[in-house]
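Notes to accompany the following structure.
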Amino acid sequence: MEIVSKAKDYVTEKVAEMRKPEASIKGVNINHVRRDGVEYGAKVAVSNPYSQSIPICEISFVFKSDGREIARGTIPDPGSLKGNDTTMLDVPLKVPHSVLVSLVKDICRDWDIDYELDLGLIIDLPVFGNITIPVNQKGEIKLPTLKDFF
């Protein structure tokens with residue numbers, strides 16, 4: 001039993017020390033305003049330290065504003081991470097108009113939308129299987145004013 005325990009500890013230590021892809025959210029913006037809602041877009045940079053491309057199995061997200069969840073979803077099979085490179089991912093976040101009404105207090109306070117975005121990128125690493133790269137960012141989306149149009 002002791003040998004199995006030592007082997008488990010060794011493998012756990014080596015997995016913890018291995019290089020892994022890293023991700024960061026570079027920005028969140030309003031992409032489109034449509035009849036059925038607003039589409040935000042998150043730009044996510046993911047660096048791959050390996051020479052081989054790595055498939056992304058799924059991206060899951062929770063988009064919150066003023067502490068309330070306004071969108072949640074998954075994007076299946078969004079592509080692959082280029083080997084020894086940084087891949088930029090566009091993550092669409094669709095928010096229905098019915099939810100936007102609840103944001104009026106936040107918008108009226110300071111003419112921006114305070115947000116928190118939680119992403120989980122599930123990638124398939126050979127030998128180790130699926131791992132999730134968690135990414136979180138809080139920020140604000142400034143809304144255009146009349147000065148921006150003139």
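Computed values, structure above
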{"read-out": "Cross-link table K43/K82; K6/K82; K43/K138; K20/K142, entries beyond 24 Å C-alpha to C-alpha", "value": "K6/K82; K20/K142"}
{"read-out": "Given charges at beta-carbon only (K, R positive; D, E negative), |dipole| of region 21-90 in Debye", "value": "200"}
{"read-out": "Per residue solvent-accessible surface (Å²) - region 1-84, probe of 1.4 Å", "value": "64"}
{"read-out": "Separation of the N31 and I131 label points, Cα + 7 Å toward Cβ, nm", "value": "2.8"}
{"read-out": "Computed FRET value (nearest 0.05) for V99 with M18, which takes r as the C-beta separation and R₀ as 41 Å", "value": "0.50"}
{"read-out": "Chain lengthening between K142 and I3 when straightened (0.36 nm per residue, less Cα-Cα)", "value": "44.2 nm"}
{"read-out": "Spacing of the two label points (7 Å from each Cα toward its C-beta) at S51 and S80, in nm", "value": "1.5"}
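The values are calculated or read from the model by the stated rules, or taken from the named source; none is laboratory data. Bear in mind the structure is a predicted one, so any value in this text is a computation, not a measurement. Because the Cβ atoms are built from the backbone with ideal geometry, glycine has one as well, and the counts that use them run over all protein chains shown. Surface areas here come from the heavy atoms of the whole protein model, side chains and all, with no ligands, DNA or RNA. Shrake-Rupley method; radii C 1.70, N 1.55, O 1.52, S 1.80 Å.
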